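The values are calculated or read from the model by the stated rules, or taken from the named source; none is laboratory data. This structure is a prediction, so every number in the text was calculated from the model and none was measured. We place every Cβ from the backbone using ideal geometry, glycine too, and count neighbours over all the protein chains shown. Remember, those area values only see protein heavy atoms, side chains included, never the ligands or the DNA or RNA. Shrake-Rupley method; radii C 1.70, N 1.55, O 1.52, S 1.80 Å.
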Amino acid sequence: MKQILFSLLMVSGITFAARAQSEQYQQAMTQQVGLLDSASTFTPAGIQQAANTFERIAEAEKTQWLPYYYAAYCRVNEAFFTQDKGKVDEIADKALVNIEKAAALKGKDSEISCILSMIASARIGVDPMTRGMKYGMESGQHLEEAKRMNPENPRVYMLEGQSLLYTPEAFGGSKTKAKEKFEESLKKFAAEKPADKITPHWGEAYTKMLISQIK
């Protein structure tokens with residue numbers, strides 16, 4: 001009887017500890033993902049700090065894909081922010097390591113393909129003349145894959161529009177087509193219903209900012 005009682009107490013203790021850890025994870029992620037909804041986070045220092053924090057959460061929660069996903073998202077934005085072109089590949093490599101770890105846990109996913117597309121786009125910035133064709137094609141292929149997996153993902157259309165907006169017309173860019181993509185993206189954002197506060201949902205405010213730049 002004592003042995004049975006001891007076993008029950010052990011199971012209860014393990015269950016309680018697991019629940020406490022899960023709640024701690026949810027609280028940490030909700031807080032950090034919430035910061036990504038604020039424009040004040042999107043400074044070179046702010047986005048680097050966010051990436052560091054998500055990487056620490058990922059190290060503590062190695063079976064969760066979202067901390068790695070958000071670490072990659074922050075790192076690739078850090079790559080876009082840096083003014084030192086010599087550091088872009090190094091930062092993009094860190095983003096790639098994180099998103100590959102997310103993919104290893106989650107499998108193929110539209111959101112992960114969007115981040116892979118962003119990483120390729122960041123590498124173009126090092127030298128658009130010599131890298132534009134290679135990484136532009138790679139970025140586009142990841143977006144096509146993201147759309148195939150989830151045609152309702154608003155971030156796909158936002159990234160397509162962004163590419164059209166910042167590509168010279170001589171190489172296929174078009175402000176008119178970019179605006180159409182942004183408008184489609186905003187419709188998808190309006191219909192999007194994230195499962196919870198840590199499910200990827202970024203991009204709506206940025207899309208509105210981009211579309212406001214098109215005269």
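What aspartates and glutamates sit close enough to LYS108 to cross-link, taking a C-alpha to C-alpha distance under 18 Å and skipping anything fewer than 8 places away on the same chain? Output for LYS108: GLU100, GLU138, GLU144, GLU145, GLU152.
Using a Förster radius of 22 Å, what is the FRET efficiency between LYS197 and LYS62 based on their Cβ-Cβ separation? Nearest 0.05, please.
Numbers: r = 22 Å, r/R0 = 0.99.
Working from the Cβ atoms, E equals 0.50.
From the alpha carbon centroid of region 99-122 to that of region 75-95 is 16 Å. Accessible surface area normalised per residue over the chain is 58 Å², counting heavy atoms of protein chains with a 1.4 Å rolling probe. As a rough guide to protection, the peptides 202-213, 152-163 ranked by mean Cβ packing within 10 Å, highest first, stand as 152-163, 202-213.
As a check on your grasp of the helix formula, calculate [θ] at 222 nm for the chain: sum -39500 (n - 2.57) over DSSP H runs of n ≥ 4, divide by the residue count, round to the nearest 500. Walk me through the numbers on the way to the answer.
On the way: 9 runs with 166 residues, N = 215.
Estimated from H runs of four or more residues: -26000 deg cm²/dmol.
Carbon and sulfur together cover what percent of the accessible area of the chain at a 1.4 Å probe radius? Accessible surface attributable to carbon and sulfur in the chain totals 57 percent.
Restricting everything to alpha-carbon atoms, can you work out Rg to Rh for the chain with a Kirkwood hydrodynamic radius? Don't jump to the answer; show the numbers that get you there.
On the way: Rg = 19.9 Å, Rh = 18.6 Å.
Result: Rg/Rh = 1.07.
Modelled label positions at GLN213 and VAL97, each set 7 Å beyond Cα in the direction of Cβ, lie 3.0 nm from each other.
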